[in-house]
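Report on one structure; see the data block that follows.
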Amino acid sequence: MISPRLQISSKGRGFALIAVMWVVLVAGLMLLGVQKAVTANLASAYSELASVQAHWLARAGIEQALAVLEDDLTSSDDMFEFWYSDTDYFEEVEMLNGTFSVTAGPNLLDDPRSVRYGLIDHCARVNVNVADAAQLKALLDLAVWQVDSILDWRDGDDRTRPGGVEALHYARLEYPYLIRNGPFRTIDELRLVRGIEEPFFTGEDVNLNGVLDANEDDGDAADASYPDDDGDGQLSLGLAGLTSVYGYELNQTASGTTRVNVNTADKDTLVSRFNFTDALAQAIVDHRSGSSRRGRDRRSGRNRFNSLMDLLNVKARQSSDRQSDDEGKVKEITVKWLAENLDELTLTDDERLPGRINVNTASREVLMSLPKMSESTAEAMVMRQTSGKGPLSSVGELFTDKTISEEQFKAFAERLTVRSSVFEIRSSGLTTWGIRREIVAVVDRGADPVNILYWYQSE
């Protein structure tokens with residue numbers, strides 16, 4: 001017979017064993033929880049680290065692009081520049097823990113589905129802050145009321161155009177906001193203008209990457225994905241891809257010297273700079289001062305040149321007794337002379353001339369927005385951009401090499417340039433962990449140092 005004391009001792013040991021087992025179990029579960037928490041924290045830490053690395057990889061792409069722009073010392077900008085397309089500088093450039101790429105939409109003549117590794121030229125677009133009504137309408141076949149709404153948004157007054165709207169319209173919306181009544185600050189601001197809905201703003205390029213993605217080229221079938229598109233194998237851009245708020249030309253010659261302001265230059269300057277005859281230089285001065293009867297401003301007594309083409313109306317008085325002294329000098333301003341000297345002339349002392357379009361990089365759609373432009377001429381200008389002739393070194397070459405007619409030269413030569421100052425950099429950093437971050441920057445190379453006009457980075 002078992003002793004009661006021994007029986008109690010055995011039960012105590014059994015309970016103790018069970019308690020120990022529970023303690024071990026709980027401790028194991030706690031250790032497992034701690035291990036999982038540590039693993040989760042480590043994964044989160046690595047993810048945060050990878051995100052930071054991806055950001056700085058993208059930032060490296062921005063710095064690479066800025067360095068390429070700084071090293072570009074050419075007097076004109078075109079599609080053969082390193083900044084425009086260079087895989088060594090911009091395609092999956094390897095760095096520690098990942099790569100960066102700087103991308104843009106394809107070249108005009110390339111497959112619209114392809115990616116170009118380079119920068120986006122904002123001087124190849126229409127500046128929506130200075131474009132007139134006709135140019136805006138031609139750019140995207142906008143309705144008159146849409147154009148008037150854009151113009152009312154950017155002007156500085158409260159007078160409503162026939163088809164436009166002013167502050168009262170926006171104040172009465174369900175979610176009201178203020179009209180700018182000043183220049184657009186960013187292209188995205190166009191979305192706020194009455195009538196500029198998504199199809200007009202993005203076109204088929206809903207992600208605004210400039211590339212024809214599969215969902216942007218699947219037609220209008222019932223099972224087609226967003227957005228609506230025509231499935232023609234081409235990417236139809238909206239205002240976001242055709243316009244800018246930044247484009248301008250520095251008011252200086254290709255060599256960086258000061259242009260001659262025909263509204264203020266004295267007779268001696270005109271003679272020495274352009275080899276004018278005294279009579280022709282004096283005729284220009286007389287025209288400005290109101291001494292000429294032609295087109296005199298009765299209020300001010302002055303005739304300001306509003307266009308360089310107005311110089312064609314200036315006629316010098318011929319003097320038979322100075323013919324020998326005038327031998328070899330410029331006696332008359334012709335269209336040919338203007339074409340050859342256009343880069344030397346200006347109408348203002350302003351540092352910048354907003355809205356000038358780079359004819360070496362502009363698309364067919366942008367070129368077609370110019371007055372007097374024809375489809376055949378726009379096509380010829382686009383083909384010249386990538387031809388063996390090389391890029392244009394001056395706008396006047398369009399006339400001297402017979403790409404455009406005299407009428408077209410007079411109509412839009414002063415709206416063009418062969419140089420660019422503002423560029424968009426779309427840089428993407430990708431880590432070895434597969435984490436991607438993007439930075440979009442718009443930079444002004446015409447400023448010293450380079451000025452950042454716009455900055456967006458993904459989180």
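Rounding to the nearest 20 debye, state how big the charge dipole of region 155-255 is about its Cα centre with +1 on each Lys and Arg Cβ and -1 on each Asp and Glu Cβ. Before the final figure, lay out the partial values.
Values: 7 positive and 22 negative charges, 197 e Å.
Rounded to the nearest 20 debye, it is 940 debye.
The list (i) 4, 15, 22, 21, 14, 8, 5, 3, 3, 2, 2, 1, 1, 0, 0, 0; (ii) 4, 13, 16, 15, 13, 11, 9, 7, 5, 3, 2, 1, 1, 0; (iii) 4, 20, 30, 27, 15, 4, 0 gives values of P(r) over Cα pairs in 10 Å bins from 0, in percent, and only one came from this structure; which label was calculated from it?
(i)
Step through the residues of region 388-399 one at a time and calculate ³J(HN,Hα) from phi using the Karplus curve (6.51 cos²θ - 1.76 cosθ + 1.60, θ = phi - 60°), rounding each to whole Hz and writing x for Gly and Pro.
Residue by residue, region 388-399 yields x, 5, x, x, 6, 9, 7, 5, x, 4, 4, 7 Hz.
Could you pull out every one of the aspartates and glutamates with an alpha carbon less than 13 Å from that of Lys410, ignoring same-chain neighbours closer than 8 positions?
Asp310
Starting from the Cα-Cα distance between Leu96 and Glu351, subtract it from 0.36 nm times their residue separation and give me the gain in nm to one decimal.
Stretched fully, the Leu96-Glu351 segment lengthens by 87.6 nm.
Of Pro354, Ser376, Thr334, which is farthest along the charge dipole of region 328-399 in the positive direction, counting Lys and Arg as +1 and Asp and Glu as -1 at C-beta?
Positive-end residue among those listed: Ser376.
What residues qualify as long-range amide H neighbours of Val330, i.e. H under 5 Å apart, gap of 5 or more or another chain, H built at 1.01 Å from N?
Phe276, Thr277
Run the dipole for region 354-417 about the Cα centre, Lys and Arg Cβ at +1, Asp and Glu Cβ at -1, nothing else charged, and hand back the magnitude in debye, nearest 20.
On the way: 8 positive and 8 negative charges, 24 e Å.
In total the dipole reaches around 120 debye.
Can you give the % of DSSP beta bridges in the chain that are antiparallel, to the nearest 5?
On the way: 31 of 38 bridges.
Taking every DSSP beta bridge within the chain, about 80 percent pair in antiparallel fashion.
Identify the residues of region 356-383 with backbone N under 17 Å of a label point that sits 7 angstrom from the Cα of Thr74 along the Cα-to-Cβ direction, or state none.
Under cut-off, by backbone N: 358-363, 382-383.
Normalising by the residue count of the chain, find the relative contact order in percent from Cα pairs under 8 Å and 6+ residues apart. Spell out each step's value before the answer.
Details: 769 pairs, mean separation 95.8, N = 459.
It rounds to 21 percent for the chain.
What ranking, highest mean first, results for peptides 348-354, 152-158 when packing means the other Cβ atoms within 10 Å averaged over each residue? Intermediate values should be presented prior to the final figure.
Numbers: 348-354: 13.6, 152-158: 16.0.
By packing density, highest mean first, the sequence is 152-158, 348-354.
Return the distance in nm (one decimal) between the two label points of a simple spin-label model at Asp157 and Glu406, each offset 7 Å from Cα along Cα→Cβ.
According to this spin-label approximation, the distance is 3.8 nm.
Using a Förster radius of 35 Å, what is the FRET efficiency between Lys336 and Ala67 based on their Cβ-Cβ separation? Nearest 0.05, please.
Step by step, r from the Cβ atoms, then E = 0.30.
Would you mind checking Lys331/Lys372; Lys331/Lys389; Lys267/Lys329 for any pair whose Cα atoms are more than 24 angstrom apart?
Numbers: Lys331/Lys372 29 Å; Lys331/Lys389 32 Å; Lys267/Lys329 14 Å.
Too far apart for the 24 Å limit: Lys331/Lys372; Lys331/Lys389.
Using 0.36 nm per residue of separation minus the Cα-Cα distance, give me the extension gain between Ala167 and Leu312 in nm, one decimal.
47.9 nm
For every helix of n ≥ 4 consecutive DSSP H residues, a contribution of -39,500 (n - 2.57) applies; sum these over the chain, divide by its total residues, and give [θ] at 222 nm rounded to the nearest 500 deg cm²/dmol.
Numbers: 14 runs with 158 residues, N = 459.
About -10500 deg cm²/dmol.
With unit charges on the beta carbon (Lys/Arg positive, Asp/Glu negative), name the residue among Gly390, Ala411, Thr400 whose Cα is farthest towards the positive pole of the charge dipole of region 354-417.
Gly390
What FRET efficiency comes out for Asn215 versus Glu459 if R0 is 25 angstrom and r is the Cβ-Cβ distance? Round to the nearest 0.05. If you can, show how the numbers build up before the last one.
On the way: r = 24 Å, r/R0 = 0.97.
Once rounded, the FRET efficiency stands at 0.55.
Between Asp223 and Glu379, what is the spin-label point distance in nm, taking each point 7 Å from the Cα along the Cα→C-beta axis?
It works out to 3.8 nm between the two label points.
Using R₀ = 35 Å, calculate the FRET efficiency as 1/(1 + (r/R₀)^6) where r is the Cβ-Cβ separation of Glu344 and Val144; round to 0.05. It would help to have the intermediate numbers written out before the result.
Details: r = 39 Å, r/R0 = 1.11.
For R0 = 35 Å, the calculated efficiency reads 0.35.
Placing unit charges on C-beta atoms (Lys and Arg positive, Asp and Glu negative, everything else neutral), compute the dipole magnitude of region 333-459 about its Cα centre in debye, rounded to 20.
For this selection, approximately 420 debye.
Just to be sure I understand the model, the point goes 7 Å from the Cα along the line to the Cβ. What's the resulting Glu189 to Thr258 distance in nm?
3.2 nm
Report the gain in length on full extension from Ser47 to Ser387: 0.36 nm times residue separation, minus Cα-Cα distance, nm rounded to one decimal. It would help to have the intermediate numbers written out before the result.
Working: separation 340, 0.36 × 340 = 122.40 nm, distance 4.80 nm.
Full-extension gain reported as 117.6 nm.
Throughout, read-outs are computed from the coordinates displayed, never taken from laboratory work. The structure presented is a predicted model; accordingly, all values stated were derived computationally and were not measured. Cβ atoms come from the backbone with ideal geometry, glycine included; neighbour counts cover every protein chain shown.
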